Amino acid sequence: MKKTWIRIIIIVIVILFAWRVYLKINQIKSKGDAGRGGKNRNAAVVVELATINKETVKDIGKFSGSLSPRSRIIISPKVSGRLEKLTVDIGSIVKNGQVVAQLDSGVYEQDINQAKAALAITKAQVKEAESALKVSDTELARQRTLLEKAYISQVEIDQAENQNTSLKAKRDVALATVQQKEAALKAAEIQLAYTKIHVSWDDGGKTRIVGERFVDTGEMLTSNSQIISVLDNSSMTAEIDIIESDYSKVKIGQEAVITADAYPDKQFVGKIARISPQLKEDSRQARVEIDIPNSNGLLKPGMFARVFIEFKTHPNVPIVPMAALTQSKGVQGVYLVDKPTMTVKFIPIKTGIQQGDMIEIVEPLIQGEVVTLGNNLLEDGKKIRLPKTDSSDKKTGGKKGQGKRP
């Protein structure tokens, strides 16, 4: 028991000694830090400066999208059949109304022959019905004369009139059947005409170009099968999406500059033609379409387009580098330099258009130089100094870059 107490006393003594040593080290360290802090508090901060210049700045929206043609028509047959001939291919120039494909017409020609034969039979039936009706009309007139002279009874005249009425109905049915057969023949002729597939459009120029071919000669096609696409490339439409904050800035008729990767040294000018009246809920973006003249045909559908829209222009306004902006007590501003005393003063500012790495100062109106590097170490009245230049090396009388001989 006595040995246990001795061990406890020794452990307590060691802990107390270690605690005294720890407090002494912290005391020495705190004095050293305080001394260095006091010394650095008055030391000038090395900074880099930039002059507040005046330039014209532009608020330019930059967007990306793709190009689509002025119009795109898909040519399809209205009837089914085997593709017998395709007279155009990708890149072919087509005229309005030109025949570009031909389906096998044998079945449709046979339908016309059958329709013609059925019409001929029906017309013969009409003649037969009219002839029988004519005989009936004559007989009915004779019967009425005999009735007046009381040679026949009323029953006989009623039978004659009923027969005449029946023959008139047969004649009328035959005439209606003729109209039906004529309509069937017309339909067969239209079906036959549909085997010749034309291109046609109501607006635009006289010619267009084939963009895609979807089938080959010999394929069996159904109605509305895609054969080719025909493009009007006389103008292009750049389709872009704009975010909500830019939506109020775009206007119909506003000019836009478009560039394409295929022509890095060329710029194409277009105008905003259509603005979607709604924003998509998932992206909060709205579709904007820009029409671009393409008389030289350089632009092609599907090209990647970079679109630049100038929203605002502010001429001759003060600008500073973005690096000059800093925060002090939650307020954005810059440190303005007082050259005679080499001290700084924090100036809260309101910024405007950002152009590259420069930004417009809307207010207040200031001039001089601002700190662009080291401003995170500054406060009002802080002394500053500029980095040493190579000219300080000349005090030694040596040349720049000169060293000892090996």
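The values are calculated or read from the model by the stated rules, or taken from the named source; none is laboratory data. Nothing here was measured: the structure is a model prediction, and the numbers come from that model. A quick note on method: Cβ atoms are made from the backbone with ideal geometry, for glycine too, and the neighbour counts reach across all protein chains shown. Heads up: the accessible areas ignore ligands, DNA and RNA and are worked out on the full protein's heavy atoms, side chains in. Shrake-Rupley method; radii C 1.70, N 1.55, O 1.52, S 1.80 Å.
Can you tell me which residue among ILE227, ILE258, ILE243 is touching a residue at least 24 places away in the same chain (Cβ under 8 Å), surrounded by 13 or more Cβ atoms within 10 Å (Cβ to Cβ), touching a Gly at 6+ places or on another chain (Cβ under 9 Å) and among the aliphatic types (A, V, I, L, M)?
Result of the check over ILE227, ILE258, ILE243: ILE258.
List the number of the failed condition for ALA160; all other conditions in (1) part of a helix (DSSP H, G or I); (2) out of contact with any Asp or Glu (no Cβ under 8 Å at 6 or more places or on another chain); (3) of a type in the set (Gly, Ala, Ser) hold.
Looking at each condition in turn, ALA160 falls short on (2).
Yes or no, residue by residue, for (1) among the polar types (S, T, N, Q); (2) at pLDDT 75 or above; (3) outside any helix (DSSP H, G or I); (4) within 30 Å of ILE258 (Cα to Cα):
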| residue | (1), (2), (3), (4) |
| --- | --- |
| TRP5 | no, no, no, no |
| ILE11 | no, yes, no, no |
| LEU23 | no, no, no, no |
| SER30 | yes, no, no, no |
| ALA34 | no, no, no, no |
| GLY38 | no, no, no, no |
| LEU49 | no, yes, yes, no |
| LYS62 | no, yes, yes, yes |
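Under the condition of being open to solvent by 40 Å² or more (accessible area, probe 1.4 Å) and of a type in the set (S, T, N, Q), which residue from the range 283-312 is farthest from VAL210 (Cα to Cα)?
Here the answer is SER283.
Does ILE157 count as open to solvent by less than 30 Å² (accessible area, probe 1.4 Å) and modelled with pLDDT under 90?
yes
Let's see how each residue does on (1) open to solvent by 30 Å² or more (accessible area, probe 1.4 Å); (2) under 15 Å from LEU49 (Cα atoms); (3) modelled with pLDDT under 95; (4) part of a loop (DSSP other than H, G, I, E, B):
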{"position": "ASN316", "(1), (2), (3), (4)": "yes, no, yes, no"}
{"position": "GLN327", "(1), (2), (3), (4)": "yes, no, yes, no"}
{"position": "PRO340", "(1), (2), (3), (4)": "yes, yes, yes, yes"}
{"position": "ILE353", "(1), (2), (3), (4)": "no, no, yes, no"}
{"position": "VAL362", "(1), (2), (3), (4)": "yes, no, yes, no"}
{"position": "GLN367", "(1), (2), (3), (4)": "yes, yes, yes, yes"}
{"position": "ASN376", "(1), (2), (3), (4)": "yes, yes, yes, no"}
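Being open to solvent by 70 Å² or more (accessible area, probe 1.4 Å) and of a type in the set (Asp, Glu) is the filter; apply it to the range 160-206 and report the residue that is nearest to PRO77 (Cα to Cα).
Here the residue is GLU189.
Going through GLU310, GLU289, GLU244 one at a time, which residue ends up being modelled with pLDDT of 95 or more and within 27 Å of VAL57 (Cα to Cα)?
None of the others qualify; the one that does is GLU289.
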